[in-house]
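Each value in this text was obtained by applying a stated rule to the coordinates, not by laboratory testing. Keep in mind that what you see is a predicted model, and the values were worked out from it rather than measured. Here the Cβ positions follow ideal geometry from the backbone for every residue, glycine too, while neighbour counts run over all protein chains shown.
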Amino acid sequence: MDLQELVDAVCADVGGHLGRGRVADYIPALARVDPRHFGLAIASVDGQHAAGGDADMPFSIQSISKVFALTLALDRIGDPLWQRVGREPSGSPFNSIVQLEREQGIPRNPLINAGALVVTDCLLAGGTPDAAIADILAFMRARAHDAAVCVDAEVAASEAETGFRNASLANFIRAFGNIAHPVADVLATYFSQCALSMDCRQLAQAALYLANDGIDPRDGEIVIDAEGARRINAIMMTCGHYDASGDFAFRVGLPGKSGVGGGILAIAPGKAAIAAWAPGLNDQGNSLVGALALERLSRRTGWSVF
Ligand code: GLN
């Protein structure tokens, strides 16, 4: 299959839908993004690349960063992570607090905000937010094979100013003893991680290890063991789109992770990593046109895992 033809065809498929959905505005710095952008990039395990639309325009990856933070935490601490965070879909919005009280401060999974805050707490490992962010940034640059990946300080500051819900979640979890570091440190690290600025090409390249049993095919580096990669894909499939994870599995059939910046990362195991970006979101906070593009791509390729 010619990947560039595929990307061009999918770009044409969604051309009439550009601008649909609502741009996230609870983080003021994200509200300014033009909803008509659309980018798509594919990186295949056998070294092919294809990109279309605004695939070279950096955007805020937001919750897509949770996949990479989970990779780092699993690689560092392994199975004990599962004593602190579950692996069940929540059926609740990304920033929900309701299950936490009933479940004693153990978040349902690492891809909702509550779970991601626990993962970030693990990554702090007794150090400073600056050190943890430097680690995450170094990891992303290495995986993207691109030193241009950066943290957008304005987006991080904007979220810090308005992140009352995440502050509530972190304090609540800490009250149950499931966050070890000062809440301010966890939040500072989490907001910077979410403010990573990447384009579709970089994102697809960075996630390729998840399509290749944990090994980056570009340099042969073992990013995580094969079992870890399989498990991350399983969690992306069941939890990566919050209370719309079932719908994404139904329509696309690939492990995926969305972010409120409008990005979606999808993995076709054994084949490719795909990044789509369109800033307009649906009611569950997932990219409306991004999901549509991935649905078309999955139909055209037969890459659904089902
Ligand atoms: N930084 C955002 C938040 O915590 C990430 C949410 C998302 O992308 N769904 O609210």
With Cα atoms, 0 to 90° folded angle of helix 226-239 axis to the chain main axis: 90 degrees
Between 0 and 90°, nearest 10: helix 65-77 axis offset from the chain longest Cα axis: 60 degrees
Rough spin-label spacing in nm, given labels placed 7 Å along Cα→Cβ, for Asp75 and Leu18: 3.6 nm
Residues with amide H under 5 Å from that of Leu196, placed H, sequence gap 5 or more: Ile61, Gln62, Asp152
Burial ranking of peptide ranges 7-14, 230-237 (average Cβ count within 10 Å, highest at the top): 230-237, 7-14
3J(HN,Hα) from dihedral phi, segment 268-280, Karplus parametrisation 6.51/-1.76/1.60, rounded to Hz, x for glycine, proline: 9, x, x, 10, 6, 10, 10, 10, 10, 9, 8, x, x
Calculated from backbone phi, Karplus (6.51, -1.76, 1.60) coupling profile of segment 114-125 in Hz, x at Gly/Pro: 4, x, 5, 5, 5, 4, 4, 4, 4, 5, 5, 6
For Gln104, net neighbour charge (Lys/Arg +1, Asp/Glu -1) across residues whose Cβ lies under 14 Å away: +2
Burial ordering of Ser60, Ser245, fewest other beta-carbon atoms within 10 Å first: Ser245, Ser60
Angle between the chain longest axis and helix 183-194 axis [Cα atoms, degrees, rounded to 10]: 0 degrees
Calculated [θ] (222 nm, deg cm²/dmol) that DSSP helices of n ≥ 4 give over the chain, each run adding -39,500 (n - 2.57): -13500 deg cm²/dmol
DSSP-assigned coil residues among chymotrypsin sites (Phe, Trp or Tyr not before Pro) in segment 152-224, each with at most 15 further Cβ atoms within 10 Å: Phe176
Neighbour-count ranking [beta-carbon atoms within 10 angstrom, fewest first] of Cys200, Cys239, Cys150: Cys150, Cys239, Cys200
Sum of side-chain charges, Val33 neighbourhood, beta-carbon under 15 Å (Lys, Arg +1; Asp, Glu -1): -3
Estimated FRET transfer efficiency when R0 is 25 angstrom, pair Arg300-Ala148 (beta carbons, to 0.05): 0.25
Under the Karplus curve 6.51 cos²θ - 1.76 cosθ + 1.60, θ = phi - 60°, whole-Hz ³J(HN,Hα) for segment 23-38, x wherever Gly or Pro sits: 5, 4, 10, 6, 10, x, 5, 7, 5, 7, 6, 5, x, 7, 5, 8
Charge-dipole axis of segment 1-61 as Lys and Arg at +1 and Asp and Glu at -1 on Cβ define it, positive-most pick from Ser44, Ile61, Val23: Val23
For Ser90, residues with placed amide H under 5 Å, excluding near neighbours: none
Residues Val260, Val23, sorted so that the one with the fewest Cβ neighbours within 10 Å comes first: Val23, Val260
If the convex hull is drawn through the Cα atoms of segment 89-235, its volume per residue in Å³: 120 Å³
